[in-house]
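A.B. asks: My questions will all concern the structure given below.
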Amino acid sequence: MGTPVRVLHVVVNMNRGGAETLIMNLYRNIDRSKVQFDFLTCKEGVFDSEIKAMGGKIHRIPYVSDVGHRGYVRGLNQFFHRHFYYQIVHSHLDKMSGLVLRAARKASIPNRIAHSHNTSSEGGQVTKFYKWYVGLLIDKNANHLFACSLLAARWLYGSKSRSSTIIKNGIEFENFSFSKEIRKEIRKELDISNETFVLGHVGRFAKQKNHHFLIEVFSDFVKIKKDSLLLLAGDGPLRSEIERKVKKLRIEKNVKFLGIRSDVNHVSQAFDVFVFPSFHEGLPVTLIEAQAAGLTCFISDNITTEIDLGMKLIHQLSLDDKTSWVDHLLTFSEKSTSRYQSPLVFTLKGYNILQSARQLEENYLRMGGEMNEEINHLHPNVQ
């Protein structure tokens, strides 16, 4: 057997974001005797040590926000000039992938993948304009288009979205399936009584996730359902701002900030309902995981309907009607529902991580398998 195809994944950092979690799920389940992952990042991440333990290499250059446009472009060009031997570059930076893949094309790297994980860019008007501008480079420099959903594909690729490949955000179902024992353990750890009604959210504290709306909804909800609690897992630039809002509304006794948790699959067992009012999403892994945990999910109607796996757990509501969110949550809080779900649904819908890993593996091997043997023969020490 020859050496594995080495695929270079380009991300800002390997922390516990949606795309990064998916990449790690794929990495753990792909056949690493055939395909190996390396990473080009700009900052340290919590997954770095695990990546190295699995044989992956981590390269690092400064990000555009630290060195400016010219500095970032120069860093990309220099990197790919030195690492010309990669046969596949897989960029997860949405519109910023335009710059990455242009540099890869200049270095004659044959397979250049853009992967859309979202449906809108983050930042102010100037930042969004800049990302739109560099995103125009994707058309000429990417020769493979991947996306997590049809909506995400249409956003990043426009008319070319029909030729894109949908890689579904598969999960390891068994890690999220409901367990009464784990529920008791987590509630005990967090000092939550069995009677308390718990709303849960998992996500980065960023504008996209719309925590301000979530806090306002919960503030109205807890006035009526007094024995209730909101658990917020995650971290991010807006966390302190949201903490101040919680104190201003005087609901700090009913809100717990859990920070970044490596055991979200266990924490979600303590939830009674999942609330997710994002302004935009590609196809969030967290909502696939929540359905695996048997959680009823109240989500914004800005999120693609592709997220609904048909188990009557997804309820989409308008962000223009806060009262409707409160009313739906109050009605649900009086119901008793089963948390047990069949893993067969996830396989039939294509959200079994083994399916996603095999699909990706087959794509990589088609792109780089034959070329990899040749490059290893000519340059045995470059990898």
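The values are calculated or read from the model by the stated rules, or taken from the named source; none is laboratory data. Not measured: the values here are computed from a predicted model. Cβ placement follows ideal geometry from the backbone for every residue including glycine, while neighbour counts extend to all protein chains displayed. Ligands, DNA and RNA are excluded from the accessible area calculation, which covers all protein heavy atoms including side chains. Shrake-Rupley method; radii C 1.70, N 1.55, O 1.52, S 1.80 Å.
A.B. asks: Cα gyration tensor of the stretch 1-112, axes a ≥ b ≥ c as square roots of the eigenvalues: rounded (a/c below 1.5), prolate (a/b > b/c) or oblate?
C.D. replies: oblate
A.B. asks: Quick one: give the max-minus-min coordinate of the C-alpha atoms of the chain along each principal axis, largest first, in Å.
C.D. replies: Here the Cα extents, ordered largest to smallest, are 69, 46, 37 Å.
A.B. asks: Counting only heavy atoms of protein chains, what accessible area per residue, in Å², does the stretch 30-173 have with a probe of 1.4 Å?
C.D. replies: 45
A.B. asks: Now, a different point. Using a 1.4 Å probe on the protein chains only, how many percent of the accessible area of the chain belongs to carbon and sulfur?
C.D. replies: Answer for the chain: carbon and sulfur cover 50 percent of the accessible area.
A.B. asks: Suppose every K and R has +1 on its Cβ and every D and E has -1 on its Cβ; what is the size of the dipole of the stretch 118-163 about the Cα centre, in Debye to the nearest 20?
C.D. replies: 120
A.B. asks: Calculate the dipole size of the stretch 103-252 relative to its Cα centre from +1 charges on Lys and Arg beta carbons and -1 charges on Asp and Glu beta carbons; express the result in debye to the nearest 20.
C.D. replies: Here the stretch 103-252 has a charge dipole of around 680 debye.
A.B. asks: Kindly identify the stretch 216-305 as rounded, prolate or oblate by the Cα gyration tensor criterion: order the square roots of the eigenvalues as a ≥ b ≥ c, call it rounded if a/c is under 1.5, otherwise compare a/b with b/c, prolate if a/b is larger, else oblate.
C.D. replies: rounded
A.B. asks: Let me know the charge dipole size of the chain about its Cα centre in debye, to the nearest 20, where only the beta-carbon of Lys, Arg (+1) and Asp, Glu (-1) is charged.
C.D. replies: Once rounded to the nearest 20, the dipole reads 900 debye.
A.B. asks: By average Cβ neighbour count within 10 Å, what is the ranking of 84-93, 317-326, 194-203 from highest down?
C.D. replies: 84-93, 194-203, 317-326
A.B. asks: Using a Gaussian network for the chain with springs between C-alpha atoms less than 10 Å apart, which of these wobbles most: G98, G68, G282?
C.D. replies: G68
A.B. asks: So which of K209/K247; K106/K128; K180/K226; K253/K312; K52/K253 end up more than 29 Å apart, counting from Cα to Cα?
C.D. replies: Numbers: K209/K247 20 Å; K106/K128 25 Å; K180/K226 24 Å; K253/K312 32 Å; K52/K253 41 Å.
Long pairs (Cα-Cα over 29 Å): K253/K312; K52/K253.
A.B. asks: Decide, for the stretch 1-40, between rounded, prolate and oblate: order the square roots of the alpha carbon gyration tensor eigenvalues as a ≥ b ≥ c, take rounded if a/c falls under 1.5, and otherwise choose prolate if a/b is larger than b/c, else oblate.
C.D. replies: Note, shape of the stretch 1-40 comes out oblate.
A.B. asks: Rolling a 1.4 Å sphere over the protein heavy atoms, what is the accessible area per residue of the stretch 255-305, to the nearest Å²?
C.D. replies: Result: 22 Å² of accessible area for each residue.
A.B. asks: Quick check for you: which residues of the stretch 84-104 have the amide N under 18 Å from the point 7 Å beyond the Cα of S65 toward its beta carbon?
C.D. replies: 92-100, by backbone N distance to the label point.
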